[in-house]
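One structure below.
The values are calculated or read from the model by the stated rules, or taken from the named source; none is laboratory data. Everything numeric in this text was worked out from a predicted model, so none of it was measured. Positions of Cβ are backbone-derived with ideal geometry, glycine not excepted, and every protein chain shown enters the neighbour counts. Keep in mind that these areas ignore ligands, DNA and RNA; they rest on the heavy atoms of the full protein, side chains included. Shrake-Rupley method; radii C 1.70, N 1.55, O 1.52, S 1.80 Å.
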Amino acid sequence: MGSVFLLFVLFHLDLWLIFESDHGQRGIRTNKKDKKHSPFFRGNKINSLLVAKSRARLILKLVPNEFMRVIAGDYRGRTLRSPADIKTRPTSDRLRETLFNVLAPRIDDTARFLDLCAGTGAIGIEAISRGVAFTTFVDKSRKACALIEDNLDYLQIPEMQTEIVCLAAETFTGRQYPTGWDIVFFDPPYDVDYSTVLFDFGVAESTLLNEDGVLVVEHHSKKMVPDAAGLIRRWRLLKQGDSSLSFYERN
């Protein structure tokens with residue numbers, strides 16, 4: 001309710017200024033000399049109303065999304081900044097809770113976590129909050145990577161615990177790495193082809209998963225995801241409404 005209330009107050013403050021200006025009282029006015037220097041107040045009732053709405057949209061972008069919070073651990077209850085558009089589909093709090101309930105036995109101060117198609121970074125940050133040693137965030141969007149960095153700085157998470165890689169998931173997984181990961185969370189847009197990334201995890205020479213590591217794939221519940229891909233096999237499937245989690249491990 002906090003951000004909604006702030007938005008409500010500031011929006012109605014702008015409307016009050018418009019009303020006062022139109023009635024020649026305490027409103028903010030501009031004369032002809034000022035008009036060319038003021039993009040906000042144009043001395044026109046309709047334009048002023050549009051300005052008020054534009055300010056409201058700007059305020060909504062700047063206020064942290066109250067529904068994006070760290071659920072548990074060292075940063076429990078802290079809010080995360082989230083994108084103003086709807087292109088990024090954050091994993092719901094309920095599904096995050098389910099995910100980490102399953103992963104809890106694998107999380108300790110030596111575990112390495114990979115957040116693939118990280119978006120806001122909420123999953124990887126949740127893993128850090130709950131005690132993993134290190135998290136790698138991967139996303140092809142530079143805006144998403146900048147947002148992840150903002151969230152890490154906002155929470156004051158030490159740089160030594162994280163890295164951000166701006167690459168497409170299939171490009172990242174197609175490479176070899178000297179050190180793998182103990183837990184991988186892969187959450188691409190539901191309409192993309194998952195097969196390339198799953199194949200990269202399943203090939204014999206893959207270094208992505210450490211021994212006894214787990215790959216978790218979030219997908220639409222109606223999407224057909226294979227039970228096996230090369231050397232990885234699905235050992236658990238959890239459904240929660242339109243979203244599902246498939247858990248894979250190497251043979």
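The C-beta contact set for segment 77-92 (first residue of a type in the set (A, V, I, L, M, F, W, C), second residue modelled with pLDDT under 85 and open to solvent by less than 50 Å² (accessible area, probe 1.4 Å), distance under 8 angstrom, 6+ apart or interchain) comprises Leu80/Pro64; Leu80/Met68. Here Glu149 meets the list (1) of a type outside the set (S, T, N, Q); (2) open to solvent by less than 70 Å² (accessible area, probe 1.4 Å); (3) at pLDDT 95 or above; (4) within 19 Å of the chain's Cα centre (by Cα) almost entirely, failing just condition (2).
Within segment 224-233, the presence of at least one residue that is part of a strand (DSSP E or B), among the basic types (Lys, Arg) and either touching a Gly at 6+ places or on another chain (Cβ under 9 Å) or open to solvent by 60 Å² or more (accessible area, probe 1.4 Å) (or both) is confirmed. Considering Pro188, Pro178, the condition of being surrounded by 15 or more Cβ atoms within 10 Å (Cβ to Cβ) and part of a loop (DSSP other than H, G, I, E, B) is satisfied by Pro188 alone. Checked against the criterion of being open to solvent by 10 Å² or more (accessible area, probe 1.4 Å) and assigned to a loop (DSSP other than H, G, I, E, B), the candidates Thr120, Thr110 yield just one match: Thr110. Looking only at segment 195-212, decide whether some residue is hydroxyl-bearing (Ser, Thr, Tyr), open to solvent by less than 40 Å² (accessible area, probe 1.4 Å), within 26 Å of Ser141 (Cα to Cα) and in contact (Cβ under 8 Å) with a residue 60 or more places away in the chain. No: zero hits.
Just to be sure before I move on: is Ala169 under 26 Å from Tyr75 (Cα atoms), buried (at least 17 other Cβ atoms within 10 Å of the Cβ) and in contact with a Pro (Cβ under 9 Å, 6 or more places away or on another chain) in the structure I sent? For Ala169, the condition - under 26 Å from Tyr75 (Cα atoms), buried (at least 17 other Cβ atoms within 10 Å of the Cβ) and in contact with a Pro (Cβ under 9 Å, 6 or more places away or on another chain) - is not met.
Can you name every residue in segment 129-140 that is open to solvent by 10 Å² or more (accessible area, probe 1.4 Å) and either more than 17 Å from Leu95 (Cα to Cα) or within 11 Å of the chain's Cα centre (by Cα) (or both)? It would help to see each step written out before you state the result.
Residues of segment 129-140 open to solvent by 10 Å² or more (accessible area, probe 1.4 Å): 130-131, 133-134, 139-140.
Hits for segment 129-140 are Gly131, Ala133, Phe134, Asp139, Lys140.
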